[in-house]
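This report refers to the structure that appears directly beneath it.
The values are calculated or read from the model by the stated rules, or taken from the named source; none is laboratory data. What you are looking at is a predicted structure, and each value in this text was computed from that prediction instead of being measured. When we count neighbours, we look across all protein chains shown, and the Cβ atoms used for this are built from the backbone with ideal geometry, even at glycine.
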Amino acid sequence: MPLTKQLFFIWREVIDIIFPIECLGCKQEGKWLCEKCCRTIPINTEPYCLSCKTKTAFGEFCKKCKSNYNLDGVFIASDYDHELIKQGIKTLKYRFVYDISQELSQLLILFIQEQIRKSKSAEWLPVDNFYQSPTVIKKFFEAIVIPVPLHPKRLRWRGFNQAEKLSENFFKFFNLNSNSQNFRRIIHTKSQAKLNEQDRKDNLKNCFAWQGDNLQNKNIILIDDVCTTGHTLEECAKVLKQAGAGEVWGLVVAKG
């Protein structure tokens, strides 16, 4: 194990001793989010077009907006305004507590299970019905899970990729194929957090690369913790579709 990773894990053990693991909600020791508090977190039931906020069936881009995007849509599992979601994501990203990804990934699992149920109900409706299911859900168990990659420099600083941690429980639960090796962030960019919308777009241009075989029309589920404007997911989708992907959908814990 590289020395930097050894030091990271030693530091984590020291922090756990000084600050024991306790629920972000009720402060009960043992888990970052206890089962009781997890049940208070809402699962999103009102999907919409990420661009214009028009209500859509699954979170796809509406007819008016979809021609402007390579990304097919974004599955948003919960609500960033919920205090436990906000604290959970901040704890994952800025306190470097990757263990909490296990609880947060459960929200992704519950959300997708609901989309699968909704899709099966939609099979009985007319083809042009509002609730027509996306292919990535109809053929869910054929999809490939890809976490949004970090640049190696950012990965060394944080010690882990939060998107990859979220994706692990998710693809193992559903027994899906995953690929975190061939999709790379090849340019180290500024943090998106303090940039305006146009600068966010410019900041991400050409920073991702697919370094594997042709994706042969496979549908992709891109996992990340938060989606704000969607520019990161869109840039990823552009590269993946150039590499032969079918539908490309984002799946995030919440919209920031």
Do you know which of the residues in the range 49-67 that are part of a loop (DSSP other than H, G, I, E, B) and under 18 Å from the mean Cα position of the chain (by Cα) is farthest from residue 140 (Cα to Cα)? 51
When both residues are 6+ apart or on different chains and their Cβ atoms are under 7 Å apart, which pairs have a first residue that lies in the range 112-141 and is more than 19 Å from residue 170 (Cα to Cα) and among the β-branched types (Val, Ile, Thr), and a second that is loosely packed, with under 15 Cβ neighbours inside 10 Å and modelled with pLDDT of 80 or more? none
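Strands (runs of 3 or more DSSP E) wholly in the range 147-256 with at least 2 residues that are free of Cβ contacts under 8 Å to residues at least 60 places away in the same chain - which ones?
Working: elements: 183-185, 208-210, 220-227, 248-255.
Qualifying strands (runs of 3 or more DSSP E): 183-185, 208-210.
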So, in the range 162-189, how many residues would count as being farther than 18 Å from residue 111 by Cβ and in contact with a Pro (Cβ under 6 Å, 6 or more places away or on another chain)? 5
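Residues being out of contact with any strand residue (DSSP E or B) (no Cβ under 9 Å at 6 or more places or on another chain) and assigned to a helix (DSSP H, G or I): count how many of those fall in the range 85-108. Step through it out loud before you land on a result.
Kept after step one, since they are out of contact with any strand residue (DSSP E or B) (no Cβ under 9 Å at 6 or more places or on another chain), are these residues of the range 85-108: 87, 90-91, 94-100, 102-103, 106.
So of that shortlist, the ones also assigned to a helix (DSSP H, G or I) come out as 87, 90-91, 94, 98-100, 102-103, 106.
Qualifying residue count for the region: 10.
Could you list, in sequence order, all residues of the range 199-231 that are under 19 Å from the mean Cα position of the chain (by Cα) and within 19 Å of residue 178 (Cβ to Cβ)?
Narrowing the range 199-231 to residues under 19 Å from the mean Cα position of the chain (by Cα): 200-201, 204, 207-210, 218-231.
Answer for the range 199-231, where residues must be under 19 Å from the mean Cα position of the chain (by Cα) and within 19 Å of residue 178 (Cβ to Cβ): 208, 209, 210, 218, 219, 220, 221, 222, 223, 224, 225.
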